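A short worksheet on the structure shown next.
Laboratory data are not the source of any read-out in this text; all were calculated from the coordinates shown. None of the values given here were measured: they were computed from a predicted structure. Virtual Cβ from ideal backbone geometry, glycine too; neighbours counted across all protein chains shown.
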C-alpha cells in the first residue's frame, strides 16, 4: 500500500506541479516580452513625447513593479496549487487505496467486503461494481460451503451402511443372503444417483446442460410418466391418474428430460401422500403456453417453504431422510431442467395437510412444428393413444 501511495500519489502531485510551473514560466515570458512594448504604446498614446530622463525612470519603475507583482503572484499561485494538488491527490488516491485493501482481503478469502460508494463519478461507479462482485462472491462461497456440508451429510448414511454391512460380512455376523445383497445394491444405487444428480445440477447452473427439443405430444409424455410411476403408486395404495384438456397439445422439448422432470415430481408426490390418497397430472393450455400440474392430496407445504424446497438437499422434515432414499435434490434438478426449456416450475399449497400442486409452464410449439412429432421419445415408450383418464 505504501508503494501504491508513493507511486500514484507522487505521480499525480508531480503532474499537477508541472502544470503550475509551466504556466508560471509562460506567464513570466509573456509579461517580460510583451509588457514593455505595450507599456510604451500606452504611455505615448497618453503623454506623447516624454523626455529621455523621465522615460528611463518610468520604465525602471514599471519593470520593478511588474517583476515584484509577477513574483508574488507566482509564489501565491504555486503555494495555492500545491495545497489544492495535495488535497485532490488524496481525494483521488484514497478510494483507490480502499479498493486495493478490499481486493487484498477478498484475495485472502474474506468475501463480502463492502467499500463506500458515494457520488456519481467514475470512482463511485467502480466502487459499486466492486461491491456487487464482492456480494456475488460471498453468496457463491456460502453456497459452496453449504453444498460441501450437504454432500458430506448425504454421503454419510449410504457409506456408513455399506461399511457396516461389509464389516459384518467379513466377520461372518451378517449372512450373504438375498436381503443383504439387495441392501448393498440399494445403497450403491443411491450413491450413483446422488453423483448423477449433482453433476446434472452443476451443468445446469453453469449453463452447460444440453437439451434436444423436438415437437412432443404432452398427453403421450404424461402417459409415459404415469406408466413408470404406477408400480410405486400401487405399492403405496395411492390412486394415480392423468387428464389432458384438450387431448392434443404440443411443446418443443426434450422428451427424455421432461420425462425425468415428471418422474421426479411424481416420485416426490407419492412419497408425501399417505395410503388412500391421490396423485394426478393435469394438463391444459393458454394461447401462449402449456401447463402440466402434478397435484397430490398429501402432506402439503407451509407457505414459507414453497421456494426453499427447490434448494439443494432441502427437506421439509429432516427425520424423513432415513426413509426417503432420494438424493435430496430432485426438485432442484426438475426446476433446472424446466428452466433450460425456457419454462417455469412453481409450487403451491394451502398449507400442511392440504396437499400440494407443482406446475410446469412451457411455451407452446409453433403451429408448423406441432405436426412433426406426435410420439414421445422417452425412456418409457408411450402408447399410441393419448391419455385422458388413465388411473391405477
Query raised in the report: For residue 339 and residue 90, FRET efficiency with R0 = 41 Å and r from the beta-carbon atoms, rounded to 0.05?
Result: 0.25
Report summary line: residue 169 and residue 66 label points (each 7 Å along its Cα→Cβ direction) are spaced in nm at 10.8 nm
Requested in this report: Order by neighbour count: 108, 202, fewest other Cβ atoms within 10 Å first, most last.
Outcome: 108, 202
Report task. Based on the mean of other Cβ atoms within 10 Å per residue, sort peptides 183-189, 213-219, 270-276 so the most packed one is first. Result -> 213-219, 270-276, 183-189
**Report entry** Cβ crowding within 10 Å averaged over residues, with 69-75, 88-94 ranked highest first
**Finding:** 88-94, 69-75
Query raised in the report: Between residue 27 and residue 348, what is the label-to-label distance in nm when each label sits 7 Å out along the Cα-to-Cβ direction?
Result: 7.7 nm
Report summary line: Quick calc: nm separation of the 7 Å Cα→Cβ label points for residue 126 and residue 181 -> 6.9 nm
Query raised in the report: So what is the relative contact order of the range 73-173, in percent, for Cα pairs below 8 Å that sit 6 or more residues apart?
Result: 17 percent
Query raised in the report: Peptides 260-267, 338-345: what's the order by average Cβ count within 10 Å, highest mean first?
Result: 260-267, 338-345
